[in-house]
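Asks: Can you keep this structure in mind? I'll have questions shortly.
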Amino acid sequence: MPGLATGEHRAGLALSEPGAGSDVASIQTTAVKDGEEYVVNGNKLFITNGREGNVFFLLAKTDTAIDPKHRGISGFIAEKAPGFTAGKDLNKLGYRGVDTTELIFDDYRVGADNLVGGEEGKGFYQVMDALETGRVNIAARAVGVAQAAFDDALAYSLQRETFGELISERQAIQFMLAEMATKIQAARLLTYDAASKKDSGDRFDLEAGMAKLYASEICAEVTLDAMRVHGGVGYIKDLPLERYYRDAPLMIIGEGTNEMQKLIIARSLLKRAKARG
Ligand SMILES: Cc1cc2nc3c(=O)[nH]c(=O)nc-3n(C[C@H](O)[C@H](O)[C@H](O)COP(=O)(O)OP(=O)(O)OC[C@H]3O[C@@H](n4cnc5c(N)ncnc54)[C@H](O)[C@@H]3O)c2cc1C
């Protein structure tokens with residue numbers, strides 16, 4: 001942990017594979033026990049920090065026969081060593097300040113004491129727990145990107161004149177600004193609500209799902225509207241705006257797609273309703 005805090009270690013989450021993203025339980029990477037070590041084989045895809053990172057939370061199957069299959073998944077702290085290499089850098093639309101790569105495990109040996117929790121079969125639950133917190137993080141990032149885009153749009157509307165008047169005086173622009181600001185504030189409040197529910201120690205799957213779903217969707221809408229307010233200059237790469245627009249979609253996809261969030265939200269609503277009787 002101190003190494004992570006100082007930046008000496010850079011970490012990543014090695015979960016997704018070519019054939020398993022939303023459907024995590026279908027991962028194919030295996031970890032086979034051999035004395036005091038596990039031998040890992042398989043490929044991961046879309047791993048952020050894959051090239052520059054040196055330590056990863058790795059999900060692998062320690063039991064390929066068990067039903068349901070998510071019970072056969074275990075989590076390991078995997079440090080880069082022979083047999084564990086980064087593959088191709090992926091050419092992303094946005095989030096270009098950090099690398100995202102394939103990871104290749106070819107008879108990579110990891111110590112049995114690197115098994116998280118010291119027990120096999122807990123990895124799926126451990127990662128689902130982490131992703132719940134991650135969804136609050138994504139929601140906060142989406143609010144930040146949307147706010148930055150809005151701030152730029154507001155400032156631009158106060159300096160750009162057309163037909164002898166500032167565009168901020170036009171009702172069409174005012175309506176866009178009003179809707180953008182309202183959506184951002186709603187997303188911010190959902191995010192605070194999810195964060196405070198997490199702090200309370202209660203289950204917060206519903207709140208985290210709602211915050212992530214709404215904040216990421218409005219982030220995509222707001223960044224596009226901010227571009228509309230800027231007219232042609234908004235489409236030019238000289239301004240940060242086009243980066244906000246390119247970064248927004250990842251928050252719809254990452255940490256569980258928004259379609260998966262809707263399933264989680266509905267499941268949680270129904271469970272809570274049934275518990276109330
Ligand atoms: C830039 C980037 C960085 C990433 N970083 C990481 C990382 O660091 N670590 C990591 O492990 N992963 C990472 N990912 C992977 C990311 O988590 C997955 O891409 C994401 O979970 C979706 O999985 P998938 O791509 O396999 O899509 P799929 O699961 O194949 O989904 C395809 C479509 O089907 C929909 N869908 C799937 N199942 C259902 C269902 N049951 N009901 C309704 N709709 C459904 C999805 O919502 C989506 O619209 C990253 C991805 C990107 C693009």
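The values are calculated or read from the model by the stated rules, or taken from the named source; none is laboratory data. These figures come from a predicted structure and were not determined experimentally. In this analysis, Cβ positions are derived from the backbone assuming ideal geometry, glycine residues included, and neighbour counts consider all displayed protein chains.
Asks: Scan region 8-29 for residues that are within 10 Å of the ligand (Cβ to nearest atom), within 20 Å of D99 (Cα to Cα) and either of a type in the set (K, R) or within 13 Å of the chain's Cα centre (by Cα) (or both) and jot them down.
Replies: G12, L13, A14, L15, S16, G21
Results for (1) over 20 Å from I138 (Cα atoms); (2) more than 23 Å from the chain's Cα centre (by Cα); (3) without any contact (Cβ under 8 Å) to a residue 24 or more places away in the chain, shown as yes or no for each residue.
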position: D202; (1), (2), (3): no, no, yes
position: K212; (1), (2), (3): no, no, no
position: Y235; (1), (2), (3): yes, yes, yes
position: D238; (1), (2), (3): yes, yes, yes
position: P249; (1), (2), (3): no, no, no
position: R267; (1), (2), (3): yes, no, yes
position: K271; (1), (2), (3): yes, yes, yes
position: A275; (1), (2), (3): yes, yes, yes
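Asks: Give the number of residues within region 132-171 that are in contact (Cβ under 8 Å) with a residue 12 or more places away in the chain, touching a strand residue (DSSP E or B) at 6+ places or on another chain (Cβ under 9 Å) and either among the hydrophobic types (A, V, I, L, M, F, W, C) or over 19 Å from R203 (Cβ atoms) (or both).
Replies: Counting residues in region 132-171 that are in contact (Cβ under 8 Å) with a residue 12 or more places away in the chain, touching a strand residue (DSSP E or B) at 6+ places or on another chain (Cβ under 9 Å) and either among the hydrophobic types (A, V, I, L, M, F, W, C) or over 19 Å from R203 (Cβ atoms) (or both) gives 3.
Asks: Scan region 119-126 and give yes if some residue there is buried (at least 16 other Cβ atoms within 10 Å of the Cβ), of a type outside the set (A, V, I, L, M) and assigned to a strand (DSSP E or B), otherwise no.
Replies: No, every residue in region 119-126 fails to be buried (at least 16 other Cβ atoms within 10 Å of the Cβ), of a type outside the set (A, V, I, L, M) and assigned to a strand (DSSP E or B).
Asks: Another one. For G256, work out the one condition from (1) within 11 Å of the ligand (Cβ to nearest atom); (2) more than 15 Å from the chain's Cα centre (by Cα); (3) part of a loop (DSSP other than H, G, I, E, B) it doesn't fulfil.
Replies: Against the list (1) within 11 Å of the ligand (Cβ to nearest atom); (2) more than 15 Å from the chain's Cα centre (by Cα); (3) part of a loop (DSSP other than H, G, I, E, B), G256 comes up short only on (2).
Asks: Moving on. Here is a check on your reading of the model: is S157 touching a helix residue (DSSP H, G or I) at 6+ places or on another chain (Cβ under 6 Å), surrounded by fewer than 19 Cβ atoms within 10 Å (Cβ to Cβ), of a type in the set (S, T, N, Q) and more than 27 Å from H70 (Cα to Cα)?
Replies: no
Asks: What is the one condition in (1) touching a residue at least 60 places away in the same chain (Cβ under 8 Å); (2) surrounded by 13 or more Cβ atoms within 10 Å (Cβ to Cβ) that Q174 does not satisfy?
Replies: Against the list (1) touching a residue at least 60 places away in the same chain (Cβ under 8 Å); (2) surrounded by 13 or more Cβ atoms within 10 Å (Cβ to Cβ), Q174 comes up short only on (1).
Asks: Can you pull out every residue in region 48-67 that is in a loop (DSSP other than H, G, I, E, B) and either in contact (Cβ under 8 Å) with a residue 24 or more places away in the chain or within 15 Å of the ligand (Cβ to nearest atom) (or both)?
Replies: The answer is N49, G50, R51, E52, G53, N54, T62, D63, T64, I66.
Asks: Please list, ordered by first then second residue, the pairs with beta carbon atoms under 9 Å, 6 or more apart or interchain, first in region 17-29 and without any contact (Cβ under 8 Å) to a residue 12 or more places away in the chain, second near the ligand (Cβ under 10 Å from one of its atoms) and of a type in the set (S, T, Y).
Replies: Cβ pairs passing all conditions: G19/S26; A20/S26.
Asks: Return a yes/no flag: does region 202-211 have any residue that is among the aromatic types (F, W, Y) and surrounded by fewer than 21 Cβ atoms within 10 Å (Cβ to Cβ). Can you show your working first?
Replies: The initial filter retains those residues of region 202-211 that are among the aromatic types (F, W, Y), namely 204.
Narrowing further to those that are surrounded by fewer than 21 Cβ atoms within 10 Å (Cβ to Cβ): none.
No, region 202-211 contains no residue that is among the aromatic types (F, W, Y) and surrounded by fewer than 21 Cβ atoms within 10 Å (Cβ to Cβ).
Asks: Return yes or no: is L213 within 16 Å of the ligand (Cβ to nearest atom) and within 18 Å of A130 (Cα to Cα)?
Replies: Yes; evaluated as a whole, the condition is true for this residue.
Asks: Does D107 meet the test of being away from the ligand (no atom under 12 Å from the Cβ), of a type in the set (D, E), part of a helix (DSSP H, G or I) and assigned by TED's automatic domain parsing to the domain that holds R71?
Replies: Against the criterion (away from the ligand (no atom under 12 Å from the Cβ), of a type in the set (D, E), part of a helix (DSSP H, G or I) and assigned by TED's automatic domain parsing to the domain that holds R71), D107 does not qualify.
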